[in-house]
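The values are calculated or read from the model by the stated rules, or taken from the named source; none is laboratory data. All figures in this text were calculated on a predicted structure; none of them were measured in a lab. All Cβ positions, glycine included, derive from the backbone under ideal geometry; neighbour counts span all protein chains shown.
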Amino acid sequence: MQNQDDMPTATPVLGNPPRRSSKDSQLLFEQIETSSIPSLNFYFMLGMAAAIASFGLLSNSAPAIIGAMIVAPLMSPIVGFSFAAISGIHRLALRSMVSILTGMVLVVAIAFVCTLAVGLRVVGSEIVARTAPSTLDLFIALSSGAVAAFAHSRIGIANSIAGVAIAVALVPPLSVVGIGLALGENAVSAQAIALSDLHHQGNGMTMAGGAFLLFVTNILGILASAILVFGLQGYGNWRKPFAAAVVLMLGSFFVVDRLDRRLEIIFVEDLVKRFYVKTIDEERGIVTEDSYIWQVRGERVDGALVVSVVLLGLRENLGSLEASAETFRKMISTELGEEIVLTLEIIPIDVVHHEARPSGPSATPER
């Protein structure tokens, strides 16, 4: 137990926020310190969560992954580090950092071993979803960090922490890092498509890099908002949360650019799909309702925005689809305000309609 002088003290913030008594600060400190210590309980729960997440990702099982999010205790030391940063409790900050770093290594190692042990090489949608973070993920982390800090300081809503753990997943991205390192060049998508067609340049290392970027994004967002929330509630010196938040925001500058690029691609892919449906509904003759989008992929190549669309279309409509490509490209370019490069791949299909009816007089419907 620390001396009373080491305990965080409550001070006014931005006018008249609620003052925290030394008793409130003491109770919150003890609660956070207990959950942030790198103990056997912490490593056991985190290790089991990593195993559950790894097997869930490899089997593409969303329920298993959600279970791992709930079990994982990694959010607690992150919140503990936020509280220590604003309160100036160096021992708590050090313990929390040790828990975070060693926990990261443990999760990646377990995921690596599980992947090699199982021997699966197919990358499912649950893995792919955690390898291309965008600015939206940063917003989720900021919101979740605020809720986590608020829930820790309010005993009555402590049950919300499980929901926060699900909203901003920490263990699954780290598990994907271990899976990507284990797969290396041998990864194949669930649709037998090269990973280069799914934004990963065809190898597990870049897949692991994308997942680690998501984890770093979550960490920065949680720390920044948690520090601000603790400060606004009257814990610690009011200058510290804003100074720490500025430092974290400067650190996030290095990842925001890449997150913004990914968000741009998400917007472009969404726009292409919406315009495709719109042209069918308005019967402009550009595309027909007998053709379907199979895949849309956008990327920046030497500064130019390249949109690749894979269509399934009736064989007899191939000519009209090819002729309408330029018109569709101009529509998207006009909406975006810049010229794009549109590559269109059409997979011809033959649709056979067959209806089987029962034979015999009894099969004739009454009139």
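Every test in (1) closer than 18 Å to residue 144 by Cα; (2) at pLDDT below 75; (3) buried (at least 22 other Cβ atoms within 10 Å of the Cβ) is passed by residue 228 save one, and that test is (2).
Here is a list: 184, 202. Which entry is more than 27 Å from residue 48 (Cβ to Cβ) and either modelled with pLDDT of 85 or more or of a type outside the set (S, T, N, Q) (or both)?
202
Selection of region 302-329 for residues being of a type outside the set (A, V, I, L, M), assigned to a strand (DSSP E or B) and modelled with pLDDT under 80 yields only 313.
Each row is one residue, and each column tells you yes or no for (1) assigned by TED's automatic domain parsing to the domain that holds residue 37; (2) in a helix (DSSP H, G or I); (3) touching a Ser or Thr at 6+ places or on another chain (Cβ under 7 Å); (4) modelled with pLDDT of 90 or more.
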position: 99; (1), (2), (3), (4): yes, yes, yes, yes
position: 104; (1), (2), (3), (4): yes, yes, no, yes
position: 110; (1), (2), (3), (4): yes, yes, yes, yes
position: 117; (1), (2), (3), (4): yes, yes, no, yes
position: 145; (1), (2), (3), (4): yes, yes, yes, no
position: 150; (1), (2), (3), (4): yes, yes, no, no
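Could you check region 67-114 and list, in sequence order, the residues that are among the β-branched types (Val, Ile, Thr) and either surrounded by fewer than 18 Cβ atoms within 10 Å (Cβ to Cβ) or within 21 Å of the chain's Cα centre (by Cα) (or both)?
Quick first cut of region 67-114, residues among the β-branched types (Val, Ile, Thr) only: 70-71, 78-79, 86, 89, 98, 100, 102, 105, 107-108, 110, 113.
Residues satisfying the conditions are 70, 71, 78, 79, 98, 100, 102, 105, 107, 108, 110, 113.
Of all residues in region 51-65, at least one satisfies being more than 30 Å from residue 298 (Cα to Cα), buried (at least 17 other Cβ atoms within 10 Å of the Cβ), within 17 Å of the chain's Cα centre (by Cα) and modelled with pLDDT of 90 or more.
Could you check how many residues of region 104-125 are within 22 Å of residue 45 (Cβ to Cβ) and in contact with a Gly (Cβ under 9 Å, 6 or more places away or on another chain)? Of the residues in region 104-125, 10 are within 22 Å of residue 45 (Cβ to Cβ) and in contact with a Gly (Cβ under 9 Å, 6 or more places away or on another chain).
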